[in-house]
Amino acid sequence: MLKITLFFIAMLFFLCSIWGFFENSKYLNTLVEQGQLEAISFNYEIVQFYVSSSGQYFVYSILIFVSAILIGRKNNKIDNQPIRKSNTNIHLSQQESNEKDEEIDEWLTKMMKKRKDN
């Protein structure tokens, strides 16, 4: 569900950036037609205008799209893990945990004896 939501948000940001790009083009065309802006001499300012007004939404859409893909891959890895069907694996893991508990108990008793000796 999160993956689909992120894809939807990424699409909205992408459409917003495309719409902003066309609106900015219309605005700059009207400035050029009125003689308030010379397109040849202000290339840096024109690029900066596009990037600051619609470029950020394009970058956000890419970041959200990539995060949705990564979340989808993570969920697929979790879903594809094998499920244990036999009880022997569970019994062995319990036996191993009991052995570890005994080792820890032995270590703790040794440490307590050393502490008492000091």
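The values are calculated or read from the model by the stated rules, or taken from the named source; none is laboratory data. The structure displayed is predicted, hence computed values, not measured ones. Surface accessibility is based on the protein's heavy atoms, side chains included, excluding ligands, DNA and RNA. Shrake-Rupley method; radii C 1.70, N 1.55, O 1.52, S 1.80 Å.
The residues of the stretch 1-51 expose on average 81 square angstrom of accessible surface per residue, using a 1.4 Å probe on protein heavy atoms.
The share of accessible area on the stretch 15-78 that comes from carbon and sulfur is 66 percent, using a 1.4 angstrom probe.
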